[in-house]
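Visitor: One structure, as structure tokens, below. Some questions next.
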Amino acid sequence: MRERAEAAGQGHVFRFWDELDAAGRERLSGQVASIDFEEVARLGALLSAGPPPAPNRFEPPDTFPLERGAELEERAREARARGAERFAAGAVGYVLVAGGQGSRLGYDGPKGCFEVGPVTGRTLFGWLAGRIAAARERHGSVAPWYVMTSATNDAATRAFFAEQDHFGLGAENVRFFTQAMLPALDSEGRIVMSAPDELFLAPNGHGGTLAALSDSGCLDHARERGVETFSYFQVDSPLARPADTLFVGLHALAGAQMSAKVAAKRDADEKVGVLGLVDGKLGCIEYSDLPDDLRHAQTDDGKLLFRAGNIAAHVLERSFVEELTRGELRLPWHLARKEMPMLNEAGTIEKRPGVKFETFVFDALGYAQRSVVLEIDRALEFSPVKNADGADSPASCRADLTRLFRTWQAVAGVPVSEHAVEVAPEFAETEEEFLARMPAEPRRVEGAGVVYD
């Protein structure tokens, strides 16, 4: 192993080997054994390649809009029927990106274990599992759920699912796979060390989900289970709709390889990437890359021209993922340059310029021959938990959930709760389903609110 590192110009990773105890040597050798030095060399070559050429043209995408006339409503009805057929056939599997920790929320554990239910404290994992369970009941079919973890939270995530009896979905229908980690490099292309016995490893970006599906055998498993389409979503929003018949149906009717959901930006200055055409190819335009005049440009009816905020919800064909991951992942690398704490030659930590390497799943849109971009209602489908407080926080998410469920109560003509309200996805995922279950008495949780479950 040491010879391999020396031959690759990375022999410094063993500089302090003689000073390490047995545990340190085991930790370091395990990390080095996982390194593909040829890949590290390819990444190192990017450091001197210079930035990619700036795009010449940005255009807004063609979107299946939220506000629809009679013709598009008919298309939506057709799409829901087609989507329901796909779910009933068990042709749609679920892919959840859940590699993050809850440290930004002040929580020590996998982010998916964080409690956001406004009354019951139901976890993020619990909300999403409930939506999958509801789809199983609705469509009468069982589909696998692929949960991507990280090296940091894999064991804890598996243990949590086991404690919850896999949320009643069956252990055989939940398959875990782990995101790959890549070493950070210094400005000279050398692997960064964070301690004498530890490399500076970082996740390879959410685009790595696709490679990990392939490397873990999940693509083969999906093929064996008859899964032809993946519903891809992230763990941080309990309102995410993994089993959306409209989305899957539109994607199927279009013969698309990869599709995306978007939510209208709150305002021009909301720091979120937007979907659009970049020199004619669909992709995500980062907030900092969109020129100021385009960021504020408006349509004739006063809406933002570039308003299709990316919410990281996609539908992908399994065959498309297989094509992108055959050999090596066909997505561009993004370089994140920053000051990093790293071990110097004297064995002390100092901050120096370093680079982390990531791939982004939305870049795969540019390889798809056909795509659908579906606009959704943020109030119904998107309330992420990203920050400890303020916008997109646990408090704002719980408030959004209660606000939505109170709306359903009002439409149903039942007394609107003065306290928090929670509607389990197994009870109803939409206003229409809620109305169909009325009259129903909620379960009252003393001092907390009411629950429909």
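Visitor: (1) closer than 27 Å to ARG86 by Cα; (2) not in a helix (DSSP H, G or I); (3) not aliphatic (A, V, I, L, M): which one isn't true of GLU188, the others all being true?
Guide: Result: GLU188 passes all but (1).
Visitor: Another question, then. Scan the stretch 413-453 for residues that are of a type in the set (Lys, Arg) and under 33 Å from the mean Cα position of the chain (by Cα) and jot them down.
Guide: The answer is ARG437, ARG443.
Visitor: Among the numbered criteria (1) touching a Ser or Thr at 6+ places or on another chain (Cβ under 8 Å); (2) at pLDDT 95 or above; (3) in a loop (DSSP other than H, G, I, E, B), which single criterion is violated by ALA211?
Guide: Tallying (1) touching a Ser or Thr at 6+ places or on another chain (Cβ under 8 Å); (2) at pLDDT 95 or above; (3) in a loop (DSSP other than H, G, I, E, B), ALA211 fails exactly one: (3).
Visitor: Quick test for you: out of VAL272, VAL321, VAL262, pick the one residue that is within 19 Å of the chain's Cα centre (by Cα) and without any contact (Cβ under 8 Å) to a residue 60 or more places away in the chain.
Guide: The match here is VAL272.
Visitor: Another question, if that's okay. With respect to the numbered conditions (1) surrounded by fewer than 13 Cβ atoms within 10 Å (Cβ to Cβ); (2) within 24 Å of ALA346 (Cα to Cα), which one is the sole condition not fulfilled by PRO65?
Guide: All conditions pass for PRO65, except number (2).
Visitor: Considering GLY226, GLY208, which residue is within 21 Å of the chain's Cα centre (by Cα) and not acidic (Asp, Glu)?
Guide: GLY208
Visitor: Count, please, the residues in the stretch 440-452 that happen to be without any contact (Cβ under 8 Å) to a residue 60 or more places away in the chain and either in the same structural domain as PHE167 (by TED's automatic domain parsing) or in contact with a helix residue (DSSP H, G or I) (Cβ under 8 Å, 6 or more places away or on another chain) (or both). Let's see the steps before the verdict.
Guide: Restricting attention to the stretch 440-452, the residues satisfying the condition of being without any contact (Cβ under 8 Å) to a residue 60 or more places away in the chain are 440-444, 446-447, 452.
From what's left, either in the same structural domain as PHE167 (by TED's automatic domain parsing) or in contact with a helix residue (DSSP H, G or I) (Cβ under 8 Å, 6 or more places away or on another chain) (or both): 452.
Result for the stretch 440-452: 1.
Visitor: Next question, about the same structure. Return the residue satisfying two criteria in turn: it lies in the stretch 134-160 and is among the β-branched types (Val, Ile, Thr) and in contact with a Ser or Thr (Cβ under 6 Å, 6 or more places away or on another chain), and of such residues it is surrounded by the most Cβ atoms within 10 Å (Cβ to Cβ).
Guide: The residue in question is THR157.
Visitor: Let me ask something additional. Looking at the stretch 357-453, what helices (runs of 4 or more DSSP H) fall wholly within it and have at least 3 residues that are in contact with a Leu (Cβ under 8 Å, 6 or more places away or on another chain) and of a type in the set (A, V, I, L, M, F, W, C)?
Guide: Passing ranges, in order: 394-412.
Visitor: Could you count how many residues in the stretch 425-434 are in contact (Cβ under 8 Å) with a residue 60 or more places away in the chain and surrounded by 21 or more Cβ atoms within 10 Å (Cβ to Cβ)?
Guide: Here the count works out to 2.
Visitor: Test LEU324 against the stated conditions and say whether it is part of a helix (DSSP H, G or I) and at pLDDT 95 or above.
Guide: For LEU324, the condition - part of a helix (DSSP H, G or I) and at pLDDT 95 or above - is met.
The values are calculated or read from the model by the stated rules, or taken from the named source; none is laboratory data. All values reported here derive from a predicted model rather than from experimental measurement. With ideal geometry, Cβ positions are generated from the backbone for all residues, glycine too; neighbour counts draw on all protein chains shown.
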